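Let me begin by presenting the structure, written as structure tokens, before commenting on it.
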Amino acid sequence: MRDRTAVVRLTFAASLCLALIVAASRGLSAQEEEEWQAIPWSQRGVVEQRVAYTDVRISYNRPVARDRTLFGGVVNWGRIWNPGADSATTIALSEDVQVEGRNLAAGRYTLWVIPRQQGPWTLIFNRQVDIFHTPYPGEASDALRLEIAPTTGAHMEVLAFYFPEVRKDGATLRLHWGSTILPIRMQMSTEP
């Protein structure tokens, strides 16, 4: 037991020395270095858009590609994935909408995706919110499941949700990471 304790102490001391050397090379104090190390790789992001009388808000943590194979690597084909990191990605809708022609009630949902190497991907709106990005809470709490064909585009280093198209009665929300884009078409009511 003493040998293990000694190894742990030496490892800690070596890590502390390395952190101090790195901090000194950056010109940071030990406290500044500790604060810098505490910054997560996946930064928090929020996207908001009003369409007609409906407010849409997506809250998520943005993982970074960092030269990794994303789909078929970091994200497994055919397995449920929460597009984000840490806390599960959520979407809030102030009014009822149609997503890809299917009704979705106003409310707050977590988003889940099943990516496929061939064919359309499954997009899931789940009623369980304020949860971690794994594990998937289960089909029993799904509000809506859709099949959407992905497209490709320019490389996006950090996972992003954005609205490249907004009309008076609808919008396209894009989930974009690496060169993969999942376009999510939404229709909103123009009646107050």
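No value in this document is a laboratory result; all are computed from the given coordinates. These numbers come from a predicted model, not from an experiment. For neighbour counting, all protein chains shown are included, and Cβ atoms are generated from backbone atoms with ideal geometry for every residue, glycine included.
Residues whose amide H comes within less than 5 Å of that of residue 86, counting only those at least five positions distant or on another chain, are 133 (H built at 1.01 Å from N in the peptide plane).
Take the Cα radius of gyration of the range 59-186 and divide it by 2.2 N^0.38 Å, with N its residue count; two decimals is plenty. Please list the in-between numbers first.
Values: Rg = 13.9 Å, N = 128, 2.2 N^0.38 = 13.9 Å.
Here the answer is 1.00, to two decimals.
Taking 7 Å steps out from each Cα toward its Cβ at residue 43 and residue 185 produces label points 3.4 nm apart. Close amide H contacts of residue 62 (hydrogens built in the peptide plane, cut-off under 5 Å, sequence separation of 5 or more or a different chain): 43, 44, 45.
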